[in-house]
1. Cross-link candidates for residue 453: which lysines have Cα within less than 22 Å, leaving aside residues fewer than 8 places away along the same chain?
2. If you put +1 on each Lys and Arg Cβ and -1 on each Asp and Glu Cβ, how big is the dipole of the chain around its Cα centre, in Debye rounded to 20?
3. Can you compute the helix-only [θ] at 222 nm over the chain? Use -39500 (n - 2.57) per DSSP H run of at least 4 residues, normalise by all residues, nearest 500 deg cm²/dmol.
4. Only Cα pairs under 8 Å and at least 6 apart count here; give the relative contact order of region 249-348 as a rounded whole percent.
5. On C-alpha positions alone, give me the angle between the axis of helix 131-141 and the longest principal axis of the chain, in degrees, nearest 10.
6. Arrange 271, 331 by Cβ neighbour counts within 10 Å, fewest through most, would you?
7. Among 84, 251, 101, whose Cα sits farthest toward the positive end of the charge dipole of the chain (+1 at Cβ of Lys/Arg, -1 at Cβ of Asp/Glu, about the Cα centre)?
8. So for the pair residue 498, residue 89, with labels modelled 7 Å out along Cα→Cβ, what separation do we get in nm?
Amino acid sequence: MILRTLSCVFLLALLALPALAAPSETSEITTLPDPASRAIVVLADFSDQAQFELENQVVSLLWDRLGQGILGHVSGLAPRPMLVNTAQADGAKTMERLGLAATPPPLLVVADLDAQGHPRHTLWQRRIFQPAVDVRAMLAYFGVDPEAGQPLIRAAGFEPRGLGRPLRANEVVTVTVQGVPGATVTATIGGRTGIPCFEDPSGLYRATYTVSVEDRTDAQVSVEMRTSDGQEERRDLGAVALQGVMTPEIQLVQQVGPNQWMAQGMAAPGSSVLVRVEVVQTALVFRDVQKQQFQGVADSSGRFQALGTLQGDLDGVTGSFQVEATDPSGSMVRSEPRPLRLVADRRFQPQPSPMPGPWPPAPSPSWGVQAFSDSSGLYVVSRGRRSQIETMSPRWYQAVADVVVYSSFMNDLKVWWQGQTWRLESMSPKSWKADSATVAYVNFMGNFLVWHKGQTTNLGSLAPQSYEVGPGALAFVGANRGFFLWRPGSGVRQLESWPPSNYRIYGRTLQYTDAGGFQRVVDF
């Protein structure tokens, strides 16, 4: 009875099996994913620091690509890369299994997998040198172009911005670019081109530029990216104002009074200027050293006049001049020492004792002029009347006899005489001397000229060794060492083939001692 009952139960169970196995019309069919048949394998000796860093960069790039879903459609690919340390025994066996025992790591490999999920055969491999380039090569193997339709440069910019002022010397501009990894990126800031941008981490590039003292411009900032396959992209980022501290320079040194000298030059606008001067004179076994400081302020155009004191007759002596300029922000820049030959103005030198002989006394001019300057301009007082000849303060000025010689704010050379003004040069001269109605000067090009009563005569392109001016006359030792006298209407007359030991214009006579020691007088 019991056996019969068990048989019935078993039969009913068999009859029920088809019904249990057949799915209902409303049930859902769940499809399991295909097992991974391929994997990305990174092989490196982790004990080697260089290999370890390359392996880290490759893995970081792979995780980025996997996270972006770029490799999601690759059939049968394991969802994460395999890392193999070739310094360990199982890592060495993996290298042998893949047929790579003779290939030095680090390696980026695509391998198929055995039933246990272990790498079995090498399908594609590449030795790692440039992680970004190597990963892109692997993506190409899979038929994936992650950059298709995307710009090379994702984003770019520079700092600082919005300071409301120009960047000064030693301040830093930082340029940042985000784009395709493994590219060559350069930045341009004004006239500075080809500034390299370094990549760290992958796809993020940075460059820095330190503002120099020569940078004084509104600099356009741009970046350019080039890939290994020849693609290029350039992007303009805007402009940054740069105002480095200008290196000061001396353009002219001249005597402006008894023992008073003035250095003229250029520096950063608004700078406080300090000129360090050292003059050495040697006589027999004696050595006289003067160390002085001239001080001045550069105006809004950067021009300065620094005044100081130097003792003695320094005509022909070479001094050393060095300029320090401190701009309103406190930045200081110093020029290199520059040797300059001093040319004394004999009007301000002690006059030599009259030479023996019946020299006529020097006559006084029939009338003279005075000049003075304030913030409203330059004024001349002549025959008791005051008149304004410039509406802005001049750079320098000097009244001599019946003329006023000066340089306006334009740094030119002008002369006032009998109510009229003549502009002789567009830049201040290297030296000048004047007397009644006459101005002789060496211009900034080195030419020697003389102005007399509104007419200018060019006496040559070589500066004289020395010269003296009188009322309507000019005596000078030429570059060829000859001794000459110029007079209006008569031109240049050579008096001697060799320079005199001394000479001066006294009244309307030229007095000199020739090379033979004889005293000569020339009336004019």
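1. Reachable lysines: 414, 430, 433.
2. Working: 44 positive and 47 negative charges, 478 e Å.
Dipole of the chain, to the nearest 20 debye: 2300 debye.
3. Working: 4 runs with 59 residues, N = 524.
Counting only the DSSP helices, I get -3500 deg cm²/dmol.
4. Working: 256 pairs, mean separation 31.4, N = 100.
Here the relative contact order equals 31 percent.
5. 40 degrees
6. Working: 271 27, 331 18.
Listing 271, 331 from fewest to most nearby Cβ atoms yields 331, 271.
7. 251
8. 10.6 nm
Rule-based calculations on the coordinates, nothing more; no lab input. The structure displayed is predicted, hence computed values, not measured ones. Cβ: placed from backbone, ideal geometry, glycine included. Neighbour counts: every protein chain shown.
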